[in-house]
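The values are calculated or read from the model by the stated rules, or taken from the named source; none is laboratory data. Every value quoted in this text rests on a predicted model; they were computed, and no experiment measured them. Note: ideal-geometry Cβ built from the backbone for every residue, glycine included; neighbour counts use all protein chains shown. Please note that ligands, DNA and RNA were not included when accessible areas were found on the heavy atoms of the full protein model with its side chains. Shrake-Rupley method; radii C 1.70, N 1.55, O 1.52, S 1.80 Å.
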Amino acid sequence: MPNPSTFSLTSVSLFLAMLLIAAPLSARKWHVNAETGSDSNSGVAEKPFKSLQKGINSAKDGDVIQLHPQGAVIRQSGRFGDRSGITIEGNGVTLDGADPLPVDGWEKVGANLYRRQLKRTPLDRHLLIVDGVMQRMGRTQSAGSPEFPAPAELEPGEFCFENIDKQTGWLYVCGSIKNLEWSTRVNGIGMGGVCRRIVVQNLETRNFLNDGFNIHGDGRELTFENIHGYDCFDEGFSAHETSECLITGGKFYGNENGIADVNASETVYRNCEFYGNVNTDVLLIGKAHALIDCKILNSTSAAALVAGPRTKNQSFALQLQRVTITTQQKSDRGLVRMNGGTLLVENCVCENIGLNTLGADVTYQGRNLVDGAALDK
C-alpha cells in the first residue's frame, strides 16, 4: 500500500483506473437476490443467486457482484479466501448477523420472565436485538466484562444466557418476546489468505458476533467505500496481520471498538466517522495508519482514540490530517492516547479532549486547536 502521507485522491483515481485497464475482457456481473434468487440459478440478472457466498465463490478476477434489492436487509455473510480482482456492489444492502426469534416455543418461568432453549453461539458471545435495538448487557470480549445477571434479576428488555451443555443453553428474556432477534453469525465480510484488489462498496453490516468487516491474512489494495459497521460484539472494522486497506466514507458505531487495526496492518481512513462505541472509538495498534478528514465523536465512556506499538521494538506511525475529535453528551473529557512511535498532527481540532502523547515522537503541522487554543509545537 502506498505510504499514507502520499496516498492522495489522485493516487486513488490512478489505482482505480489501473484496475479498469487490468480487468479481464471476460469480466462479468453476478447478481444476488436473497428474496427471489436460488443458488442453483446461473447468477444473471434474471436468475440471481440467493447467497452472497455463492456469488463470491463464482466470481473471478475483474468480476462484479451486485446485491439486490437495493437497501434490503440480508441475513447472510460473505468470506474471501485467496481471491483477487473482485468487487462487491452492495447497493445499500445491510448484511445482518441476527435471525428473528419466533413468538411461540417460549416457556414462561416468572411473572414477566421467559426462556427458550437455543444452540450455543459461535465464540459464546451473545447479542439480543429488541425492537431493532441491539442489547449486549454491557458485555464485551475484553477482560473485566461483567457476568450476566441471574434470570430473576433481569429488568424488562434485558436477557441472560445459561449454558446447559456443550451444544445448548437457555436464553432468558424479561419483558415482551415479540420482535426479538438473536445473533448467530460471526463476521459480516471476512477475508483471509492472500487477497488482492478487492473492492467492497455501498454495504452495511450489523449485529455480528465478531466484526462487521474482519480482514485477515496478506491483503493488498483492499478498498472499502461507503461502508457501515455497527452494533457488532467486537469491531465495526478490523484489519489484521499484513492487511493493507483504504476505507473511504465509513461509519463505525455501537461496537465494542469502532475500529481496531492490529499486528502489521496498514490502514488509511478518509472521510470516516466513529462514535457511540463501548471501549474505544478508534484503536490503532498495527504498523502504520492514517485518519484523513475524519470525525471522532466521543459520546460514551469509551476512549476516543488509542494508538501505538504493542511492543517496544515494533515500528509504528500514525498520521492525523484534518481530524476533528470532540465529545458529546458527557461531562468527562474524552481520552486520546498514543504511547510510542511517530505521530503527525496536521490541521486538527480537539474539543474537551485529554491529549496524552507521552513516549511518542510528535510533529505538528498547520493550525491545530485544542479547546480553541493553538497547540504548541
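Values for this structure:
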| quantity | calculated |
| --- | --- |
| Output for region 310-321, where each listed residue is loosely packed, with under 15 Cβ neighbours inside 10 Å and either within 25 Å of the chain's Cα centre (by Cα) or not basic (Lys, Arg) (or both) | 310, 311, 313, 315 |
| Selection status of residue 201, more than 21 Å from residue 269 (Cα to Cα) and open to solvent by 10 Å² or more (accessible area, probe 1.4 Å) | no |
| Residue 162 farther than 16 Å from residue 53 by Cα, crowded, with 18+ Cβ neighbours inside 10 Å and of a type in the set (Asp, Glu) | no |
| Residue list for region 344-374, restricted to those being of a type in the set (Gly, Ala, Ser) and surrounded by 17 or more Cβ atoms within 10 Å (Cβ to Cβ) | 360 |
| Output for region 87-109, where each listed residue is closer than 16 Å to residue 170 by Cα and within 22 Å of the chain's Cα centre (by Cα) | none |
| Meets criteria (open to solvent by 20 Å² or more (accessible area, probe 1.4 Å) and either among the small types (Gly, Ala, Ser) or modelled with pLDDT of 95 or more (or both)) for residue 264 | yes |
| Positions within region 265-283 being among the aliphatic types (A, V, I, L, M) and under 22 Å from residue 143 (Cβ atoms), in sequence order | 278, 282, 283 |
| Selection from region 224-246 of residues that are closer than 18 Å to residue 145 by Cβ and either modelled with pLDDT under 95 or among the hydrophobic types (A, V, I, L, M, F, W, C) (or both) | 232, 233 |
| Whichever residue in region 325-343 is open to solvent by 50 Å² or more (accessible area, probe 1.4 Å) and part of a strand (DSSP E or B) and, among such residues, is nearest to residue 364 (Cα to Cα) | 342 |
| Residues of region 290-306 classified as part of a loop (DSSP other than H, G, I, E, B) and open to solvent by less than 10 Å² (accessible area, probe 1.4 Å), total | 2 |
| Residues of region 39-75 classified as open to solvent by 60 Å² or more (accessible area, probe 1.4 Å), assigned to a loop (DSSP other than H, G, I, E, B), of a type outside the set (D, E, K, R) and under 24 Å from residue 208 (Cβ atoms), total | 1 |
| Residue list for region 135-171, restricted to those being within 19 Å of residue 187 (Cα to Cα) and either in a strand (DSSP E or B) or small (Gly, Ala, Ser) (or both) | 135, 142 |
| Filter result (open to solvent by 30 Å² or more (accessible area, probe 1.4 Å) and in contact (Cβ under 8 Å) with a residue 40 or more places away in the chain) within region 140-156 | 141, 142, 152, 156 |
| Region 208-220, subset out of contact with any Leu (no Cβ under 6 Å at 6 or more places or on another chain) and more than 18 Å from residue 263 (Cβ to Cβ), residue surrounded by the fewest Cβ atoms within 10 Å (Cβ to Cβ) | 212 |
| Number of the exception - residue 191 against (1) assigned to a loop (DSSP other than H, G, I, E, B); (2) open to solvent by less than 40 Å² (accessible area, probe 1.4 Å) | (1) |
| Sole residue being of a type outside the set (Gly, Ala, Ser), crowded, with 21+ Cβ neighbours inside 10 Å and assigned to a loop (DSSP other than H, G, I, E, B), chosen from 237, 233, 224 | 233 |
| Count of residues meeting criterion [part of a strand (DSSP E or B), of a type in the set (S, T, N, Q) and under 15 Å from residue 231 (Cβ atoms)] in region 76-134 | 1 |
| Matching residues in region 51-107 - criterion: being over 17 Å from residue 35 (Cβ atoms) and in contact with a Ser or Thr (Cβ under 6 Å, 6 or more places away or on another chain) | 61, 64, 97, 98 |
